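Report on the following structure.
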Amino acid sequence: MIVYDIQNLVKTYPDQTQPANKNITLQIYQGEIFGILGDNGAGKSTLVRQMVNLLTSDSGSITLFGNNIVAVPHLVQMNVGYMPQESGALNNLTVGEALYYTAHLRGMSRVDARQECNALLDLWQIRELRHQPSSRLSGGQRRLLRLAVAIAGSPPVLILDEPTNDLDPQRRKLVWDILRQINQEQNTTIILITHDAIEAEKAIQRVGIMRTGELVAVGRPSELKQQV
Ligand code: ADP
Ligand code: ADP
């Protein structure tokens, strides 16, 4: 089943002469881990911001589960756990509250959201941080919280912009292990941007390579090794 269907997407930022996305056409299938690779400035973050409706497109279309993401309110909010690259604080919420409210917002009852919060605190090994304001976390701790927030309430799709940024090798392994686990156990579709071609190759089933606003190749990581 097609999860995302992206057709002829074009985007130029208002103050730029060169388009950030030139003509992107791409399908993402249910249950796959899809990696977006490419140099800085290739247009990767722009593409995923369009996929979660944070950025409008100049032309082209994006459907999620067959519905246009612009036309259907809350479609992205209810179905996609998105983690932006910049890992800022989550308002004035504590770590526990951020997880609890996100799970509740994605449709869980209060009782279930509390349970989900506790499960996530253990899964991401951040239980001791539950009463800390998110503004007082280190970069690495904040990254783990952001990832935990993205998966809270088990949305069927995850979009993660550089999920292992700011993390030491041990926590990087934790991230890849958890992503593989939820992909296998819940059939979650995971779309991620990464610079880490070597780590990514172990987890990712299909990659798209971007260069100056274009999607230049799509295939299995082993097939595209020379181009990365
Ligand atoms: P990547 O994620 O691959 O590093 P980006 O999508 O961030 O690439 O950037 C693609 C192009 O768009 C770059 O030339 C970048 O300078 C430009 N760009 C990104 N964000 C903005 C913005 N908010 N305003 C103007 N130009 C931007
Ligand atoms: P604890 O009291 O040890 O923190 P709980 O199981 O009661 O354990 O809740 C775990 C975490 O979930 C809490 O620390 C809190 O951050 C969050 N949480 C639970 N219930 C609520 C609620 N009603 N509103 C906001 N956050 C909540």
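The values are calculated or read from the model by the stated rules, or taken from the named source; none is laboratory data. Nothing here was measured: the structure is a model prediction, and the numbers come from that model. For neighbour counting, all protein chains shown are included, and Cβ atoms are generated from backbone atoms with ideal geometry for every residue, glycine included. These area figures cover heavy atoms from the full protein model, side chains too; ligands, DNA and RNA do not enter into them. Shrake-Rupley method; radii C 1.70, N 1.55, O 1.52, S 1.80 Å.
Observations on the model:
- Selection within segment 122-131 - at negative phi, assigned to a loop (DSSP other than H, G, I, E, B) and open to solvent by 90 Å² or more (accessible area, probe 1.4 Å): His131
- Count of segment 1-23 residues which are of a type in the set (S, T, N, Q), surrounded by fewer than 17 Cβ atoms within 10 Å (Cβ to Cβ), within 14 Å of Thr212 (Cβ to Cβ) and under 23 Å from the mean Cα position of the chain (by Cα): 2
- Which numbered condition Gly107 fails, given (1) more than 13 Å from ligand 2 (Cβ to nearest atom); (2) buried (at least 21 other Cβ atoms within 10 Å of the Cβ): (2)
- Those residues of segment 24-40 which are in contact (Cβ under 8 Å) with a residue 12 or more places away in the chain, within 8 Å of ligand 1 (Cβ to nearest atom) and surrounded by fewer than 20 Cβ atoms within 10 Å (Cβ to Cβ), in sequence order: Asp39
- Per-region count, segment 54-103, residues within 16 Å of ligand 2 (Cβ to nearest atom) and either at positive phi or out of contact with any helix residue (DSSP H, G or I) (no Cβ under 8 Å at 6 or more places or on another chain) (or both): 2
- Segment 62-102 - residue that is open to solvent by 40 Å² or more (accessible area, probe 1.4 Å) and in a strand (DSSP E or B) and, of those, farthest from ligand 1 (Cβ to nearest atom): Asn67
- Residues of segment 159-180 classified as acidic (Asp, Glu) and farther than 15 Å from Gly35 by Cβ, total: 3
- Boolean, Leu160 is on the phi < 0 side of the Ramachandran plot, away from ligand 2 (no atom under 15 Å from the Cβ), among the aliphatic types (A, V, I, L, M) and open to solvent by 10 Å² or more (accessible area, probe 1.4 Å): no
- The residue list Ala200, Ala119 contains one member that is within 16 Å of ligand 1 (Cβ to nearest atom), part of a helix (DSSP H, G or I) and over 23 Å from Phe65 (Cβ atoms), which is Ala200.
- Residue in segment 13-23 that is within 12 Å of ligand 1 (Cβ to nearest atom), in contact (Cβ under 8 Å) with a residue 60 or more places away in the chain and polar (S, T, N, Q) present: yes
- Selected residue [in contact (Cβ under 8 Å) with a residue 60 or more places away in the chain and either closer than 20 Å to Leu145 by Cα or basic (Lys, Arg) (or both)] from Gly107, Gly81: Gly81
- Sole residue being closer than 29 Å to Leu75 by Cα, surrounded by fewer than 21 Cβ atoms within 10 Å (Cβ to Cβ) and either at pLDDT below 95 or of a type in the set (Val, Ile, Thr) (or both), chosen from Gln186, Gln115, Gln181, Gln205: Gln205
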